[in-house]
Structure formats: structure tokens, C-alpha cells
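Structure first, then comments.
The values are calculated or read from the model by the stated rules, or taken from the named source; none is laboratory data. Bear in mind the structure is a predicted one, so any value in this text is a computation, not a measurement. Methodologically, a virtual Cβ is constructed for each residue, glycine included, from the backbone with ideal geometry; neighbour enumeration extends over all protein chains shown.
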Amino acid sequence: MNHPLRLNEDRLFPSDPVQRDIARRLYYEVRALPIISPHGHTDPQWFADNGSFPDPSALLIIPDHYVYRMLYSQGISLESLGVPRTDGGAVEKDPRKIWRLFAQNWYLFRGTPTYMWFNHVFYDVFGIREKLTPESADRIYDHIADCLSRPEFLPRTLYERFNIEVLSTTESPLDPLTHHRKLRDSGWKGRIVPTYRPDPVADPEFPGFVQNVQQLGKITGQDIGTWSGYLQALADRRRFFSSLGATATDHGHISAATLDLPRARCEALLGKALSGNITPGEAQEFRGQMLTEMAQMSIEDGLVMQIHPGAYRDHNPSVFSRFGRDKGADIPMRTDYVHDLKPLLDRFGNEKRLSIILFTLDETTYSRELAPLAGHYPALKLGPAWWFYDSPEGMRLYRERITETAGFYNTVGFNDDTRAFPSIPARHDVARRVDCSFLARLVAEHRLDEDEAREVAIDLAYKLSKSAYRL
Amino acid sequence: MNHPLRLNEDRLFPSDPVQRDIARRLYYEVRALPIISPHGHTDPQWFADNGSFPDPSALLIIPDHYVYRMLYSQGISLESLGVPRTDGGAVEKDPRKIWRLFAQNWYLFRGTPTYMWFNHVFYDVFGIREKLTPESADRIYDHIADCLSRPEFLPRTLYERFNIEVLSTTESPLDPLTHHRKLRDSGWKGRIVPTYRPDPVADPEFPGFVQNVQQLGKITGQDIGTWSGYLQALADRRRFFSSLGATATDHGHISAATLDLPRARCEALLGKALSGNITPGEAQEFRGQMLTEMAQMSIEDGLVMQIHPGAYRDHNPSVFSRFGRDKGADIPMRTDYVHDLKPLLDRFGNEKRLSIILFTLDETTYSRELAPLAGHYPALKLGPAWWFYDSPEGMRLYRERITETAGFYNTVGFNDDTRAFPSIPARHDVARRVDCSFLARLVAEHRLDEDEAREVAIDLAYKLSKSAYRL
Amino acid sequence: MNHPLRLNEDRLFPSDPVQRDIARRLYYEVRALPIISPHGHTDPQWFADNGSFPDPSALLIIPDHYVYRMLYSQGISLESLGVPRTDGGAVEKDPRKIWRLFAQNWYLFRGTPTYMWFNHVFYDVFGIREKLTPESADRIYDHIADCLSRPEFLPRTLYERFNIEVLSTTESPLDPLTHHRKLRDSGWKGRIVPTYRPDPVADPEFPGFVQNVQQLGKITGQDIGTWSGYLQALADRRRFFSSLGATATDHGHISAATLDLPRARCEALLGKALSGNITPGEAQEFRGQMLTEMAQMSIEDGLVMQIHPGAYRDHNPSVFSRFGRDKGADIPMRTDYVHDLKPLLDRFGNEKRLSIILFTLDETTYSRELAPLAGHYPALKLGPAWWFYDSPEGMRLYRERITETAGFYNTVGFNDDTRAFPSIPARHDVARRVDCSFLARLVAEHRLDEDEAREVAIDLAYKLSKSAYRL
């Protein structure tokens, strides 16, 4: 074992001794707080069935787009990483070979959050004490594979060991929530709640939109051919999600565009959408109107509304056609909030019952648009640094550019937004450490007293996500 | 007194001992320099009449949009904060109740510049030694109210105590400058100068534009129905402002768009504007042309020209209709300078007699547009970090992103831009500390020698604003 | 000698002792590595003829747009700095007077990279031990002039002393590469290679485009009136450049727009371009198509492709008409990569044989567009912080905003991009120090182990540029 793996107790803290000591003390207050995970993409079936996770590659590599986007950028084919092809074509099936390929290229991740998350998972979840290298690859593979076969590594046991208090998953309104029902009926004390993500039935450009909406009509018994019936069907499913614990919706739009159209126009757009003859401009109108409709429903049923705009999805048509969606080819775009959100805000921005949590992939909007908007409108709060910015530098920039205008209390704590279940503690730990480091700098520069910072640290690590998501 | 209020001598300095010691030494050179306040919104009547300030809430809360925007964002109504309604409707009238509400929510401001400014004002201006809490709210209220009744807290006495050398206010060309004349005639040694802000008569979309221009004609005796008469009227009022000490104009446009149109088009636009039948596009043309006209006048009369673009004013129609302008609902927008300023620069950019000071609400333009423009054109200088960015992180980013291309000498020192008179020393102190900290880092990293940094610190704190504003 | 000039051994390192010690150790590993300069604008004739450099002003001031843009911005005329006028009009001819003017205004450069580069050149290249001041100006002038007359300061000797391993110049496809041929035939061991920059024959708006393309036809014997002949002519010249050592092309477009047009449209655009009757929109189409064509050729001949978009060239028409191109009046613009590069990427983005190195003048694209694109597409890599951002703060921001998504291995090491030959060691030294400082922070915050950081430091300083440019 030539290359010991260590997880330094002071990682991510400033190296300046004054700041580091404060950061340590703040972190001491939050490190053991339960994890609130109000937005993510884990599979509820894991917890419903509580079966063993498969091999190390299937758990840690094949589903993780952070991992294979980097490897792909360096000329490694997705086939060789075992990513399934949409046409069922041949891909690598030997998980050990995939693991070795990953280990050979592990140095590419230096300086990325993936590097920290994996090392945390190796060290803390699996008890590994040597670094991943081409030489150690097989030993580590065998060690993880052995762990996964043991009861301590079953999903529910890990959930409890991770000290998770609540874990949100994300589902289409068409989802029967079978696993959530099974979980509810199981008597297990873990709290896994669904999140209502209506993109498949609210975005006319979503693959299969027409069939999706027809199915929505079938499930709910509503006449989805009329605007009121369509909205009622969506509201029915929201109620169903609520009944299984959902407290939030999620909306993954291309832009933050919203509209507040007259009823006749809405009817016309629905007609076009359902006929399959809708132009891109009309589809944009439809989506914009739907955000406003969803805000209206949130006022009625109390579901918190999350808006995640700004990704150019499936930018690489060759990867998309061979491997489908979510394969690391989504690219952030410049995003406008000042004009795009105005129609919705004109109608509902002053509503205290409404809580909209905004995310961005355009860091330039933090200080220019998002903090000023959230620092004024009662209905708006800011989600944490997201996706490409779920990282030490990304989180630090977020606090530096948002806090002076929006404060801490227009933000909502951390989201891990992950399907990589074993990494959830690592991700929350990074967020807690970075927030404590930011607060430590404020204290060290006498911009905040340490007792105030301690309260804020606990709010950021635990209380704000619980209250913002009404959990 | 359970929560002592302290104002640490090292606040805002880096905690690294090497940098902190340099910052201390640099700050020692500038801390006692007189305050030059070349851009702000204090009321000249305070100094002309020298009457007592009213109660603590009327002085510190009700007029401060930084304060009530944050409180409003958390669901606190503007009525309950005593902000007057445009329809004269009922709002809270008891200043002590307003103060208590503020105190209960004071924690919301943690990490914001308002937090530092208020604590500085409490400690240094009013001699308070305990933190504002719900429990201490009444004691602090009574203490400030008592201060305000004493002669040491009269406006002129505070002006002198604050060591202000010159204080600029901001007025419409229609303003008779009664208070400035009274001040001139009073024999008081304080120097309060007006600034010429022509938006009400130069922006066809300004409320009351037509009547404003008609009044301008009446005041000056010029025929404002012709382009030359209109310009002459504006020039006359500039001369009047100059005669009472003005050295600068200020222009608060939506964008930085400028134009250099043929005379016939100008005449036509004026006709449309005065008829009240001007399209938004034509109004934009009109404003763009007016910046170029104002630059021409500045070459002739020597007034420094300030351009403050990029705010979406009154973004919240509900707040606007109930409370009017400047109620915390202005939101920054993406701003372009490269194309928008070109018509003006093509004509006057190489003019050494002209001095245009540019501001921005779009921090992305610092390194991309503003520093390269100001680092080339003789007519351009850069105003300090403004409004939402008048803050430690905002100022630090400003220096980090501007200095390497524009240097220090294409910037113009600090502006407090405030109507909150008691906070003026606090705001200048923050700027001096942040600039000294930035310089200390350059020295500690051996990018500048300390004797050079000392000269620069004095220039940034005092000399540059005096020379840039021709004071 | 009242003001000693020093070059601190720890310059640009963090002042925090923990980080500084790590930075020192990392820098120790890279400080003496040979210089790879894969992109620049030195004159190959210097090395081919190996004659003495002229006087200090002709070497250091008159050709350096970083220098005279700053001086010009403060009202100093280009004539007084000896910058030649296009009309041959009178400009200052006395190099000593130019030097004195520079010395009087040297303080303007405080905080800029020019300040560090010049002090490094003074100290290290010319052995000067006093600061440049108005008082020392003549002494320093005489000292440098004396150096330049000595054989140790001949171009080839300096090249060797600077420990340069390879130096790329930049040429038009029309360039006969006389000096490169002379160098090849000279037996001198220095490696000076050309770079193929086709803007003069690939941009219909380039001055003299029609004549340039006609000359291209003449040189190659191809029928440039047809699309295939035109492309063949360009390919022929690429082969010629390769034969003299070129490994890369360079493309200085206004935007990053690319297109993949049908053949008929290409023919039509060429016809319009050669007739001189091409609209701005069509010229943009032409340039966009040419990037895709060049990518195709790069796949065939293996030349690495550099794209440098985003400068508004010659923003100041008055300076342009009197002094011509490249006179400090180029201003960065907002740049889009997500949509603009898509046509090219759709066709070639997954090509492992292709290597496109992207640069930007819009720092907001680092984390939002460039890192996500380069962190996915096999054909893309990211060039270093460029031009206005070739500076300590610029490089630091680059690493902070790019590394977490793209890692280190989708970047390509440093480019000096300079015509200021004596400053080449200074510029590479700054890059090495800033990269080591960034890595030191990662190590100090336990985000990377020091042995890993050491490998990365060597890669960034030497190996990556060598491999990325196929040198």
C-alpha cells in the first residue's frame, strides 16, 4: 500500500490559522446534524425493496454523468465504460474492466468535486485506506464488491448510517409512486418523499408529450383536451403526490421564461400541443404559461415550487442518438431572470403563501439578478449552487456574490441533487465545510460575531432546508 | 447588557497577519483624511435649515430602501414599516413600533453591508455599546431619540464632526436650488454642491416629461419647442447649477445606449416627445442622443458627466402603484457598453477636456468592457462599485477585475451615493478599509512596494475623487 | 540610487505561510523547465538575421499596445510615444524623449501585469537594480542601450539564455516564410516554428481580402474562383507551413460562430466575397463556414486549431485612421460558445484526431460554457487566460472557474502571445507562479495531495503545451 488515502479533518477549511480555527468550531456544531436532502434523483425502489447494490462499477461509474463526461472528453468511449446504448448495441459488460479503465484515468479528476466525493466515499463509506491507482484498482474493486454483498451496505442500512432525516426523489406526474406507497406501508422509519416534476406532461417538446398527456387523462379521468381539464388533471396528481409526502414540485425548463396569457390563448396552445403541431415559439409560450399555472396551484395546495432553468440539453446529437438523455452533454447557457420571470412575478411575486426556489447555471446572475430579486420579492428564495457549481469554488462564489444583497435567509440550505446515493454524506459535508469557511472569514474579518455565525451555520446546514421545503 | 457591540479596529482587513499588518499601516495613512462625497442623495434642506432630525425610524429606516427591501422579501409589509403610500392610505405611524419590528428582524441583515453600516452608526455616531436585539430595541431607540434632540446631532454639526470636505446632492434641472442658495448665503463653511440630473427633462418616459419640459422653457425663457431652444434651456440650467458649485451631471439611464443623430431626426424626436406620442424605441433614441448632447455641453462648460445605467426601475408594479418609485424594487440588468457607447465615443472619446465617469450594475462588464474602454479612451473613467456592490465583496471584486487592465488611475475614488447621512463615515470607512486590504495583498504578494501602495491608498481615499470631480 | 528595484523570490505566492511554503516547493520543480511558447507574435527575422535590437524605446515601448493604451487613456498622445502614423505624419523620433515620458507616467501601471513584466525584464534581463523613476530614467535608458549593443543581447543569445525550447510565430498563408526557411537552413539549434493564421484570406471583411485571395491563387496555382480550388489552395499552404515546422493554425474571429453549409451556398458566398459585394451577414456566414472547413483540414493534416474570438477590433475610428490596427483600441465583447460552436461540433466534436483550442475574452464563459464544453467534447481543449487576462488575477480566476468542471487535463498550459520578446521569461514565470499558488491552495485545503500537485505543476508548466500543440 504505497499511496495511503487520507481524509484530513481540516479539508476545505482556509489554511489561515485564524480562519481555520473558527471554521473548525463552526463545523463542530453542524457536522453531526441530520441530513435533509430535499432535492435528488435516487431510486425509491432501492429503499422499497432494500436489495443489495450491484457491483462497484454499476453503483459508482455507469450511472454518474460527472464521471463519464470527463472520461469521454479525453477520448474514452462511453461503450468502454459500460454506458448502455439506446439501440442495445454492444458495450463493455465486465465491471472489473470498466473499473480498471476508470482507475487508469482517475488523475483526470484532480481538482474536481468528483475527486473529493469519491475519496470520501472510499474512505468513509467503504473504509478504504489506499488511493485509487491502476495498481490498487483490483484490490479496491474487490473490497467494495465484498462490502456490497454485506447487510451493512443495504440501502436502508446506509440511509440510517448516513443520518438522513428526509430524502426527496423526483418523479413524473405519470408515475404511480409504487415504491413510495410500498415504503409508506412498510413501517420502515426512513422518510423518502416524491417530488412532482411535470416536464413530461407540461413541455410540448418533451419526447412523448402527446401520449404522456393522454395517459395523464386516463389516470385522472379528466378531459385533458380542455385547458381546465388539463389543469385539473395536473392538480389531481399534485394531490396524489402530496398524499405520499411530497412537499415540492420541480421544473427543468430551458429558460426562466414565464407568461400570463388569456384563457383563449391557453386553450389554443393546448390544442396545438396535443395535435403535435406546435412551433418552437409556441412550445416556449406553453412552458412559460405552465410555470404561472403551477405557481397558482402552489398557492392553493402549498407545494413549494423549484425552477431549474438554463441547460442546453443533449448538446451532442451523436451521443444523444446512441445513448439518450442525461449523458453528460448538457451545457449551461446565459440565462435571464429579470425579464423572463416578470409575468409570473407581476401576478404572484408578492404572495406570501407562495415559495419559489430559483436555481441557475449562470453564475453571473447571482449578484446581478437573483440576489436582487430574492432580496425583494416575498415569493422568491434562492436554491444552492447547482450541478456544475456544486463544488467548493462554486459554493464559495455563491455566498460571496449573493449574501450582501439577499442575506442568508433568502437562501434554502443545500441540495445534493444526486442519483449517487453513497456520495450523499460527502456532498453535504462539502457544503457544510464551505459554508463554515465562508462564515469563518466573515468572523475573522469582524463582519459577523462568532455567536451569530454559529446560528447561521446551523440554519444553513439544517434548519433552512427543512423550513424552505416545508418538511 | 448581554450582547456588547464592538467595532474591531481590524475589521475588513485580511486575517492573514502579513497582509493585516500592511493593511493597518496603509489605513493609518488614510483613516483621518477628509471625506469627499461627490455623488449622493442627502437633502440640502437639512443643512440649509439645520433643524433636528426626527425620530430614529424616520431617520434610519423609513427612507432606506436597503432596509425595507430585505424586510419586504421576508414577508414584512411596507405599511408596517411606515413607508408612505402614494394614495395616502394608512401606514404605521408609531416610530417605536417600526423600530421594534426592525429589531426583531435585524438578524436578516447578517453578512450584508447594511449590517456593518448600522453597527458603525450605532457605535460611532451614537455611542451605543450593546447590540440591537428585540430586548435592547427600546433602550437603543430611546438613546438615539435623545441624541437627536441635542445640538451635537444637528446636521451641520454632524457634517463637521464627520470631517466632510465637500458633499454633493442631486437635483433636477427644474429645481430652484433654494437650499443651496440659502447655504451659499449663510456663511457656513460647509461645502454642499448640487449635481445636475436631467432625467426628468431628458427622458421622454419620465413621469411628467412634457410638463417638465414646458416648465424648463418657462424658467429659462427658451423656446423648448425647437431642438436648439431645448438644448439652450438645458445649457442655461447647467450654468445656473455651476454658479452654485455644481461640478458634475448625472444620468440614470436604462441602458448605456448613445446615438449621434442628424439634426432633423433630433427635431422630429423632440416633436414626438413633446406631443406625448413617442414610441418606446423613439424614447430610447431620444435618451441616447441626449447623452451625446450632454457630452458636448460638458466639453463646453467643464461639468463632469456621470452615467449610471442598467437598472430595471420599479420591477414590481404592485409595490410601485402603492408606494411609488425607489422602493427597493429596482433590479440590475445585463448591460452592454462596447456597442452602446460607441456613437458617443466615436465623436468625443478622444476629447481630453471631457470626463465621463461610468458606473455599472453588471459586474461582468468590469474586466470585459469597462476596464478595456477606460484603459484606452482619454474621455472615460470608472466610477466605484455601485449600489448593490457598494459592499466589501463588491469592492474587492471591482479592484480585482479592473486594476490589471485600467490601473488605479482610471478610477475615481469612492462615492457613497446615499441619502442616509449618518452612515456616510461608515461607508467611506468600508471603502478605505477594502482598498487598503486589496493593496495589502498586492504588497504581501510582492506585486507592489509598500511605499507605492501608500501613495495609491491616499489617492483612492481622497485625491482621485477630488481631481476626477474637479472639486 | 534611492529606490532599489527588487524581485522578491516569493512574488505572487500567497502570503499565508502554509500555502506559501507549498507554492515554493512546487515552483522549485518547475522554475527551470524549458519554455514552450506555442503561440506568439515575435518576428522571425530577429532570429534569422540575429542583428542587434534597436534602442530601448523601439524595443520596449513603441511596439507594446499594453503600454501605450494605458498612456493614451490618460491623455498622452500616441505621436509623443513615437507610434508611427499611417499617413507618415510627424511623430516623436527621439527615443530618449519617449523613454522619459514613459518614466514620468510609470506609476500609472501599478497593479497591472505590465508593471511586473517590465520590472522582471529590468532586473533579470538587463540587471537593473533601481526603480524606473523620472530621475532614474536616463540612467536606465543608457544602461539598456548599452546592453543592446553587446553580443549577449543578440536575439539568438537571448533565446538560449531564456531556455526556450520552441517558439511559435504567427503568419498569413501568403507569407513566404523566408525567415523560417533561413532559420532552418542556418544550422542554429533554436526551434522557431510558424503558425498558420488564415484571417487575411478567410475573412471577407479583412482589408485587402480580394487581392489576398488572388495572390493565394497565384502562389499555389489553384483556381481560387471555385470553392474546391480555394480550399485546395488553403490546404496547400497549410502543407507548406507544416514543412517548416508549423503544428497549429490560429483563427482570430469576431465571434465563435460556425456553420456547416451546403456546397452550393459555399460557392455562392465565395463568389460574393471575391466580387467584393458581400453583406456583413454573408461575411459572417463565410467566416463561420471557414472554421468548419479548417477543422476538416485539421483532421486530415493534423494541425492543431486555435480559435481566438470575441474582440471588437479597432473600436476607436480616430486612432484606427491615424495609426492603423492593433493600437490598443480592441475591446472584448460578450461571446457565446454554446450555440455558436454547435454546427462545427455537430460535425466534428467527437473526432479524437481533431484538437481545437478555445480562447476567450469573456471570463463569464469559463464556468458556464467553456469548461462544460471542454469537459465533454473530445475535440475541445481550453487555451490559457488570454490578453487582458494574461495576469495574476486573470489566471487565478481561470483556474478557479474552470478546474472543477474541466479538470487540469482539458487545458493546454501557458501561451505568452507576445511580440515583446524580452518579456517572455517574465510572462511564463508569472504563469508558473500563479499555477503553483493555485495548486498550493488546493493542497493546503486538503483537496489534492502535494505529490499529485507536483505532477500537475509540471504538466501545466511544460508537458501540456508540448503535447497539446504536438510539439
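Of note:
- Subset of region C:31-56 [more than 14 Å from the chain's Cα centre (by Cα) and over 24 Å from C:I98 (Cβ atoms)]: C:R31, C:A32, C:L33, C:P34, C:I35, C:P44, C:F47, C:A48, C:D49, C:N50
- Being part of a loop (DSSP other than H, G, I, E, B), modelled with pLDDT of 95 or more, more than 21 Å from the chain's Cα centre (by Cα) and over 23 Å from B:L354 (Cβ atoms) is a property that B:I278 has.
- Residue count, region C:386-407 (criterion: of a type in the set (D, E) and under 25 Å from C:D330 (Cβ atoms)): 2
- Within region A:157-167, the set of residues being buried (at least 19 other Cβ atoms within 10 Å of the Cβ) and in a helix (DSSP H, G or I) comprises A:L158, A:Y159.
- Restricting region C:329-350 to residues that are at the interface with chain A (Cβ under 10 Å from one of its Cβ atoms) and charged (D, E, K, R), the residue that is nearest to A:G310 (Cα to Cα): C:D336
- Taking region C:418-471 and the helices (runs of 4 or more DSSP H) fully enclosed by it, the elements with 1 or more residues that are within 10 Å of chain A (Cβ to nearest Cβ) and over 27 Å from C:T170 (Cα atoms) are at C:424-444, C:450-458.
- Residue identified as touching a Gly at 6+ places or on another chain (Cβ under 9 Å) and farther than 21 Å from A:Q74 by Cβ among C:D362, C:D330, C:D326: C:D362
- Qualifying residue in region C:70-90 (condition: more than 18 Å from the chain's Cα centre (by Cα), in contact (Cβ under 8 Å) with a residue 40 or more places away in the chain and closer than 24 Å to C:H428 by Cα): yes
- Any chance A:K327 is surrounded by fewer than 22 Cβ atoms within 10 Å (Cβ to Cβ), assigned to a loop (DSSP other than H, G, I, E, B) and in contact with a Pro (Cβ under 6 Å, 6 or more places away or on another chain): no
- Some residue of region C:338-348 being of a type in the set (A, V, I, L, M, F, W, C) and within 22 Å of the chain's Cα centre (by Cα): yes
- When residues of region C:254-281 are limited to those that are of a type in the set (A, V, I, L, M, F, W, C) and out of contact with any Pro (no Cβ under 7 Å at 6 or more places or on another chain), the one surrounded by the fewest Cβ atoms within 10 Å (Cβ to Cβ): C:A264
- Inclusion of C:Q284 among residues that are over 30 Å from A:H65 (Cα atoms) and without any contact (Cβ under 8 Å) to a residue 60 or more places away in the chain is warranted.
- In the condition set (1) under 30 Å from C:P378 (Cβ atoms); (2) crowded, with 22+ Cβ neighbours inside 10 Å, A:V304 is compliant with all but (1).
- Which numbered condition C:S318 fails, given (1) within 14 Å of chain B (Cβ to nearest Cβ); (2) surrounded by 20 or more Cβ atoms within 10 Å (Cβ to Cβ); (3) without any contact (Cβ under 8 Å) to a residue 40 or more places away in the chain: (2)
- Verdict on C:Y462 being at pLDDT 95 or above, aromatic (F, W, Y), assigned by TED's automatic domain parsing to the domain that holds C:G310 and buried (at least 23 other Cβ atoms within 10 Å of the Cβ): no
- Remark: C:M70 matches the filter, which requires a residue to be within 13 Å of chain B (Cβ to nearest Cβ) and more than 20 Å from C:R396 (Cβ to Cβ).
- Failed criterion for B:D346 (all others in (1) more than 16 Å from A:Y366 (Cα to Cα); (2) crowded, with 23+ Cβ neighbours inside 10 Å hold): (2)
- Checking C:A371 against (1) closer than 18 Å to C:D435 by Cα; (2) within 14 Å of chain B (Cβ to nearest Cβ); (3) not polar (S, T, N, Q), the condition it does not meet: (2)
- Only a single criterion out of (1) under 22 Å from the mean Cα position of the chain (by Cα); (2) surrounded by fewer than 20 Cβ atoms within 10 Å (Cβ to Cβ) is not satisfied by A:V201, namely (2).
- Checking A:I402 against (1) at the interface with another protein chain (Cβ under 7 Å from one of its Cβ atoms); (2) assigned to a helix (DSSP H, G or I); (3) more than 19 Å from the chain's Cα centre (by Cα), the condition it does not meet: (1)
- Test: residue in region C:395-402 that is modelled with pLDDT of 95 or more, aromatic (F, W, Y) and touching a helix residue (DSSP H, G or I) at 6+ places or on another chain (Cβ under 8 Å): yes
- Among the residues of region C:385-395, none qualifies, meaning not one is within 14 Å of chain A (Cβ to nearest Cβ), free of Cβ contacts under 8 Å to residues at least 40 places away in the same chain and surrounded by fewer than 24 Cβ atoms within 10 Å (Cβ to Cβ).
- Within this structure, B:P14 passes the test of being surrounded by 17 or more Cβ atoms within 10 Å (Cβ to Cβ), within 26 Å of B:Y462 (Cα to Cα) and touching a residue at least 24 places away in the same chain (Cβ under 8 Å).
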